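The values are calculated or read from the model by the stated rules, or taken from the named source; none is laboratory data. Everything quoted here is computed from the prediction, not taken from an experiment. A quick note on method: Cβ atoms are made from the backbone with ideal geometry, for glycine too, and the neighbour counts reach across all protein chains shown.
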């Protein structure tokens, strides 16, 4: 995921709905996202969830790329395993509706297939937390089958290690 710390691409602090955010729907959405990221980084989970849920509503159904990423974030912020599962399902549904061509409008090297190992791994973990090992195994198998979409980098190595760890726990 990208660094959403409030500087860099945006050229300065945007958090808190700074000047012009109320008048510009894009800036307002960016501000909500930055507020959520900053709250999460500071351990303020409830505040992060609130910002991200407001952003979820603001994005609308058509922005499936950002909805996928956002649902992925929101799943990690849930206290209830059932709610976590629901957000992970939303992330997967968004990825399923995201064509490679549409994803590449955001980043030319982005491949939708590379989302699936992490998405299915998260779903497997959710099912295991809920005491549903058969569903966990099914999702883990889907993660394994999609590992070939990952490049050889540090992030991908982490996903592969997590898949192996979960595979051991499910034996």
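Taking region 23-76, which residues are outside any helix (DSSP H, G or I) and under 24 Å from residue 117 (Cα atoms)? Residues satisfying the conditions are 61, 62, 63.
Residue by residue, here is whether (1) at pLDDT 95 or above; (2) in a helix (DSSP H, G or I); (3) surrounded by 14 or more Cβ atoms within 10 Å (Cβ to Cβ) holds:
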{"position": "92", "(1), (2), (3)": "yes, yes, yes"}
{"position": "106", "(1), (2), (3)": "no, no, no"}
{"position": "116", "(1), (2), (3)": "yes, yes, yes"}
{"position": "119", "(1), (2), (3)": "yes, yes, yes"}
{"position": "137", "(1), (2), (3)": "yes, yes, yes"}
{"position": "155", "(1), (2), (3)": "no, yes, no"}
